[in-house]
């Protein structure tokens, strides 16, 4: 199965093209995407990646996309591109949460708290239960946006927190296990996405949507309209 994965959820985006089946995974190529230029780079980068491999877009069997949380603009651009391709090609899509990826790549079994710095004094927090040493054997308990104070209060005694952000590491209290990792790129999105597609955990183009976790600035700052 040939799968194209995309991550435009934060300032450094990426693409990955891979091939795999239930027993194997081969990363064919990755490509970076420049923050602030996703809309201009995304489609040309996909076309160039396929051309370098002498592949046509019709040969893509499935797509994997980060659905959030993250940049509103980045997520909209990335998911719109995937939706456009899927509407034409009629191929399945697997959506992947950044927080889910962090929990899985932490290599920690059991209860895992994945955290991202959401700026504005807030934290994206995902609670997952990772059951096995496989890329899709995790179950979501909760995902939320919390103030830093609420984040610290939400952590149980002897919790395990996984994060790519030094700011999160710095605020976690003593007694909490912290797994500080490099933020995974599109390669890991492709790996997890492939397993989800093979397991039938996919969405249609119509159902594809971003998981922002928090409201947009327009919703936050717009005044209510009367009359």
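Scanning the stretch 140-159 for residues that are in a helix (DSSP H, G or I) and surrounded by 13 or more Cβ atoms within 10 Å (Cβ to Cβ) yields 148, 150, 151, 152, 154.
Each residue in the stretch 178-204 was checked for being free of Cβ contacts under 8 Å to residues at least 24 places away in the same chain and outside any loop (DSSP other than H, G, I, E, B), and 2 pass.
Just one of the listed residues (174, 170) is assigned to a loop (DSSP other than H, G, I, E, B), without any contact (Cβ under 8 Å) to a residue 40 or more places away in the chain, more than 18 Å from residue 69 (Cβ to Cβ) and more than 14 Å from the chain's Cα centre (by Cα), and it is 174.
Given 215, 183, which one is surrounded by fewer than 19 Cβ atoms within 10 Å (Cβ to Cβ) and at pLDDT below 90? Quick ask: steps written out before the conclusion?
Working: 183 fails: at pLDDT below 90.
Just one listed residue meets the conditions, 215.
With the condition kept exactly as written, say whether any residue in the stretch 78-90 is over 19 Å from the mean Cα position of the chain (by Cα), at positive phi and at pLDDT below 95. Scanning the stretch 78-90 turns up at least one residue that is over 19 Å from the mean Cα position of the chain (by Cα), at positive phi and at pLDDT below 95. Report yes if some residue within the stretch 166-174 is at pLDDT 95 or above, closer than 22 Å to residue 32 by Cα and either buried (at least 16 other Cβ atoms within 10 Å of the Cβ) or touching a strand residue (DSSP E or B) at 6+ places or on another chain (Cβ under 9 Å) (or both); otherwise report no. The answer is no; no qualifying residue exists.
What strands (runs of 3 or more DSSP E), lying completely within the stretch 57-127, carry at least 1 residues that are free of Cβ contacts under 8 Å to residues at least 40 places away in the same chain and not assigned by TED's automatic domain parsing to the domain that holds residue 210?
Of the strands (runs of 3 or more DSSP E) lying wholly inside the stretch 57-127, those with at least 1 residues that are free of Cβ contacts under 8 Å to residues at least 40 places away in the same chain and not assigned by TED's automatic domain parsing to the domain that holds residue 210 span 110-119.
The values are calculated or read from the model by the stated rules, or taken from the named source; none is laboratory data. Remember, predicted model here, so these are calculated numbers, not experimental data. Positions of Cβ are backbone-derived with ideal geometry, glycine not excepted, and every protein chain shown enters the neighbour counts.
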